[in-house]
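Structure first, commentary second.
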């Protein structure tokens, strides 16, 4: 499973730690790519074939990252963690699989990964 993370190194470490602790991910071959630079993220996105994308970049940069993913891979699950709850409407409009306001914790990661597995409609926590 190719997991792409657009956000800072600290968020990447938190996400990886939580993914590896989830029972639903225990027996999966996981490959992680991460960038906090938008242009580098686009390169990773275009050259990769992500199975799951996490966007943790703050403010409008996060929304731009989600738009890029949805334009290139409309059916890939996107989990968006933002520092601003006002992006909830945009996340719904863009078809984000799961949206939550930071901080990222184990409960929220469990809900997000469950939603991605079931490929259900959007939910806001």
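The values are calculated or read from the model by the stated rules, or taken from the named source; none is laboratory data. The shown structure was predicted, so the numbers you read here are calculated from the model rather than taken from an experiment. Backbone-built Cβ (ideal geometry, glycine too); neighbour counts: all protein chains shown.
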Checked 79, 69 against criteria (crowded, with 18+ Cβ neighbours inside 10 Å and part of a helix (DSSP H, G or I)); the one match is 69
Tell me whether segment 6-15 contains one or more residues that are surrounded by 12 or more Cβ atoms within 10 Å (Cβ to Cβ), touching a helix residue (DSSP H, G or I) at 6+ places or on another chain (Cβ under 9 Å) and at pLDDT 95 or above.
yes
For residue 3, indicate whether it is at pLDDT 95 or above, in contact with a strand residue (DSSP E or B) (Cβ under 6 Å, 6 or more places away or on another chain) and closer than 21 Å to residue 117 by Cα.
no
Give just the number: which of (1) over 20 Å from residue 115 (Cα atoms); (2) in contact (Cβ under 8 Å) with a residue 12 or more places away in the chain; (3) surrounded by fewer than 15 Cβ atoms within 10 Å (Cβ to Cβ) does residue 57 not satisfy?
(3)
Every residue in segment 13-42 that is touching a residue at least 40 places away in the same chain (Cβ under 8 Å) and in contact with a strand residue (DSSP E or B) (Cβ under 9 Å, 6 or more places away or on another chain), please.
15, 19
In segment 6-23, anything closer than 18 Å to residue 117 by Cα and within 11 Å of the chain's Cα centre (by Cα) is listed as 15
Test each condition in (1) loosely packed, with under 12 Cβ neighbours inside 10 Å; (2) under 12 Å from residue 65 (Cα atoms); (3) in contact with a strand residue (DSSP E or B) (Cβ under 7 Å, 6 or more places away or on another chain) for residue 45 and report the one that comes out false.
(1)
